[in-house]
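The values are calculated or read from the model by the stated rules, or taken from the named source; none is laboratory data. Quick caveat: nothing in here was measured; it's all calculated off a predicted structure. Here Cβ is always computed from backbone atoms with ideal geometry, including for glycine, and neighbour counts include all displayed protein chains.
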Amino acid sequence: MTAASLPSQTQHGRRATVAIVGLGYVGLPTALSLHAAGHAVVGVDTSESRLGDIRSGRVDMLPSQHGRLSAALHGEGFRLTADPAAVMATEAVIICVPTPVDERLVPDLRALTAACSSVVAHAVPGQLLVLTSTSYVGTTRDLLVEPLAARGLLPGTDVFVAFAPERIDPGNPAHSPDRTPRVIGGVTPRSTELAASLLAGTAPSVHRVDSPESAEMSKLWENTFRAVNIALANELAESCLEFALEPRHVIEAAATKPYGFMPFYPGAGVGGHCIPCDPHYLLWQLRARKVASPLVDAAMTAIAERPARVAGKAREALAAKGLGTVGSRVLIVGVAYKPGVTDLRESPALEIIGRLTAWGATVEYTDPLVPRLDLHGVVRNSVDAPGALDWDLVVVHTVHPGADLDWLDSGPAVLDVTHRLTTAATGAAV
């Protein structure tokens, strides 16, 4: 079977062999969705430790995905390997590697460039290659189309190439991949249709666009939209507090409007793989073209500065009690970047802990999903019974589903940056 006749399992009852390059938070759920749709899957990852974690089930996924993983590992048609040449024996290859930014907020394309180079080197005639990693507009042509052509493989004739941005919302079962539409843009109409055929069984619908660039920009637009609105929510939350108003109550009231409004909620900042990173790919590309984007630039600056602002509010809360930061005991509730996950990437809690520690505070944390935290070589363990200890200040950063925070009612000063608590005496807020 060749990619030119690649079937959709749900439509034709046959299956393709698909390689997933990169088995992280995007690649592994993608591999499991394709396997569940009836395709044979070859999972490729250069990290042997990651492959070991997958084989043992030590991965952060939804419970339903853990069930799929167990079924895949104990069934047929699911193979894991660190050998990049394994893609040569497949009809389709899907590239799912991280696209972070560096400490200067500049796109770090090393993993993506290496993965695409490897896939191009091992591509065979008739294959379908689908890139899913979020990146700048033109990535698919720069890293796949042109190198393939240089090898003598003409995209759209010898091989087929498309971009289909990942849409993974970790920890949210309502937004699992099989409930989220896919956007697909191929370099030729046939490439688009082949990618749509492959991914149709993993999503409720497929939306076709006219080029990889349109699909790439759609993903940047999605997450830039979210970033701007999160920055706005943080700013308006502080405006509410100036009038002694509870921000969440105001947001809930505004959200009753059935048109023209979408609720976004304030917090300590933005973490994870998307919002702190993706808009910088757009800004980076626009700056290279000497094109200004002042609204997005301001929003991303505000997001980057948010954890420092929260740390400053914590210091103010201690001062309101007549305490200096030096020697004060501070507890951070929840260090994962969002509820329901163990992911610490770009978590604002890490910067907050670092700043308060640098100012002389003794900082501990409690998080049932993150039992151990190594921050710049200093190892901390989650406090199991925080209510049994005395704290000068508790900073509520992430509230996991089912968390019991009733112990906050009985004593410590609380800085609730989530604005979710209604009974605790929150002395300061931000």
message: Going by what's in this entry, would L199 be described as part of a helix (DSSP H, G or I), within 23 Å of the chain's Cα centre (by Cα) and assigned by TED's automatic domain parsing to the domain that holds A92?
response: yes
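Tell me which residues, restricted to the stretch 140-154, are in a loop (DSSP other than H, G, I, E, B) and touching a residue at least 40 places away in the same chain (Cβ under 8 Å).
If we filter the stretch 140-154 for residues that are in a loop (DSSP other than H, G, I, E, B), which is where we start, we get 151-154.
None; the set is empty.
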- request: Within the stretch 56-72, work out how many residues are surrounded by 14 or more Cβ atoms within 10 Å (Cβ to Cβ) and either hydrophobic (A, V, I, L, M, F, W, C) or not assigned by TED's automatic domain parsing to the domain that holds V26 (or both).
  value: 5
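Name the single residue, out of those in the stretch 47-103 being in a strand (DSSP E or B) and among the β-branched types (V, I, T), that is nearest to H280 (Cα to Cα). So that I can check it myself, show each step before the final result.
Going residue by residue through the stretch 47-103, those that are in a strand (DSSP E or B) are 78-81, 92-95, 101.
Adding the requirement that they be among the β-branched types (V, I, T) leaves 81, 93-95, 101.
On the way: T81: 32, V93: 27, I94: 24, I95: 21, V101: 8 Å.
Here the residue is V101.
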query: How about the stretch 141-156: which of its residues are within 14 Å of V124 (Cβ to Cβ) and either surrounded by fewer than 17 Cβ atoms within 10 Å (Cβ to Cβ) or more than 32 Å from the chain's Cα centre (by Cα) (or both)?
result: R151, G152, L153, L154
Cβ-Cβ under 8 Å pairs, at least 6 apart or on other chains, the stretch 312-327 side more than 11 Å from A413 (Cβ to Cβ), far side among the basic types (K, R): T325/R315
Count of the stretch 18-46 residues which are in contact with a helix residue (DSSP H, G or I) (Cβ under 7 Å, 6 or more places away or on another chain) and part of a strand (DSSP E or B): 8
task: Give the residues of the stretch 229-270 that are in contact (Cβ under 8 Å) with a residue 40 or more places away in the chain, part of a loop (DSSP other than H, G, I, E, B) and closer than 20 Å to A298 by Cβ, sorted by residue number.
output: Y265, P266, G267, A268, G269, V270
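Please verify whether the stretch 47-56 includes one or more residues that are farther than 19 Å from T342 by Cα and in contact (Cβ under 8 Å) with a residue 24 or more places away in the chain.
To start, the set of residues in the stretch 47-56 that are farther than 19 Å from T342 by Cα comprises 47-48.
In the following step, the residues that additionally are in contact (Cβ under 8 Å) with a residue 24 or more places away in the chain were identified as 47-48.
Within the stretch 47-56, one or more residues are farther than 19 Å from T342 by Cα and in contact (Cβ under 8 Å) with a residue 24 or more places away in the chain.
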task: Output the residue which, of all residues in the stretch 73-91 that are of a type in the set (V, I, T) and surrounded by 18 or more Cβ atoms within 10 Å (Cβ to Cβ), is nearest to L34 (Cα to Cα).
output: T90
message: Looking at the stretch 167-187 only, could you name the residues that are at pLDDT 95 or above and crowded, with 16+ Cβ neighbours inside 10 Å?
response: R182, V183, I184, G185, G186, V187
field: Count - residues of the stretch 283-325 that are part of a helix (DSSP H, G or I), more than 19 Å from G269 (Cβ to Cβ) and basic (K, R)
entry: 1
